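S.K.: Got a structure here, written out as structure tokens. Questions coming.
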């Protein structure tokens, strides 16, 4: 059995609309193994079918690899709340691509050849041995590779060419590079789509910054949030967006929260999405009262992300009594005036990104008992 873990993401980061993102210490996990028939466990019944996002990405990635689609049994352990702007869809799309790549047992020779390539429809067969780790011999034309050692699955997935494959496949399914990139690469990422390529730059994010996700009891579909945006913008708003996004990137690179505080101003998406998020101003006011340096909509919402400074770098932030009291104070303060229930969830940056490992039945039993 293979376990794939993909972190949550906060995309846009204020003015970094559709290009900036960061990985956070919350994740979706998929455990899969060979089976006589394909089945999905652990998700609502309405998504345990062929339209499941993980399965769609898995099938699509097999087609990109030009290999047959094996029958699998997959269990999805949901840690990222769906439709809340925390990259749940991107995490499943990335996990599906990773599953296909690991089962193919091949490393990719020329990733750039995959851009825009769809291999054709795959067929379900029962010919992949998950326990063996190397998969079956496949006839790959655009991505011919060599046999690889899959003893360290995480290292394999983080090879440059394989990262690019995961990115390309996930974007084909989910459509947002600013979510998929940090989920794969970890840390702080900037993404740009060119006419023929996807350009990604990644840098570790400051580990002593305290992220706080404010998650409401309602959802906001990405399509609804996207439709709220105008078709065009003034030159002044575009210049404002470009300049502030550049400052946000520099603030992350320099670990400068004061600069980040000045840079976190957006005119491209947040002014149009704030009305879709009841209690936004109440949450923002509560965060500012407690010294938040940055407050923004996470992804397309409705989650609101705030960043605070901690006194000791690399401290076990989530376990600290200071963080616990902060999150309790914020929840209480927000509840005094809010019309919805909000959870204040303290998070750390995830500088690793996607990870995977082989697990065995006995280990899985022990792991389940400890959960």
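What follows draws every value from the coordinates through simple rules; no lab data is involved. Since this is a predicted model, take the numbers as computed values, not measurements. Cβ sites come from the backbone with ideal geometry, for glycine too, and all protein chains shown count toward neighbours.
S.K.: So, how do all the Cα-to-Cα distances of region 1-56 break down into 10 Å bins, in percent, from 0 on up?
M.R.: The distribution over region 1-56 is 19, 36, 28, 14, 2, given as percents.
S.K.: Let me ask something additional. Calculate, for residue 195 and residue 41, the FRET efficiency according to 1/(1 + (r/R0)^6) with r their C-beta to C-beta distance and R0 41 Å; round to the nearest 0.05.
M.R.: Between residue 195 and residue 41 the formula returns 0.50.
S.K.: May I have the pair-distance distribution P(r) for region 166-322, computed from all Cα-Cα distances with 5 Å bins from 0 and rounded to whole percent?
M.R.: 1, 8, 14, 19, 22, 19, 11, 4, 1, 0
S.K.: Let me ask you something else. How far is the Cα center of region 256-292 from the Cα center of region 325-343, in Å?
M.R.: Taking the Cα centre of each part, region 256-292 and region 325-343 sit 16 Å apart.
S.K.: In nm², what is the average projected area of the convex hull enclosing the Cα atoms of region 1-114?
M.R.: The orientation-averaged projected area of the Cα hull of region 1-114 comes to 8.0 nm².
S.K.: What is the calculated FRET efficiency for residue 236 to residue 261, with r their C-beta to C-beta distance and R₀ = 22 Å, to the nearest 0.05? Provide the component values of the computation, followed by the final result.
M.R.: Working: r = 22 Å, r/R0 = 1.00.
E between residue 236 and residue 261, to the nearest 0.05, is 0.50.
S.K.: Rounded, prolate or oblate: which fits region 236-316 when a ≥ b ≥ c are the square roots of the eigenvalues of the alpha-carbon gyration tensor, with rounded for a/c under 1.5 and prolate only if a/b beats b/c? Can you show the working numbers first?
M.R.: Numbers: a/c = 2.21, a/b = 1.16, b/c = 1.91.
In terms of gyration-tensor shape, oblate.
S.K.: Can you give the FRET efficiency for residue 217 and residue 274, using 1/(1 + (r/R0)^6), R0 = 25 Å, r = Cβ-Cβ distance, to the nearest 0.05?
M.R.: Numbers: r = 18 Å, r/R0 = 0.72.
Calculated transfer efficiency: 0.90.
S.K.: Can you sort 19, 262 from fewest to most other Cβ atoms within 10 Å of each residue's own Cβ?
M.R.: The most exposed by this proxy come first: 262, 19.
S.K.: Moving on. Cα centroid distance between region 221-241 and region 44-68, in Å?
M.R.: Rounded to whole Å, the Cα centres lie 32 Å apart.
S.K.: Report the gain in length on full extension from residue 281 to residue 226: 0.36 nm times residue separation, minus Cα-Cα distance, nm rounded to one decimal.
M.R.: Gain in length upon complete extension: 17.7 nm.
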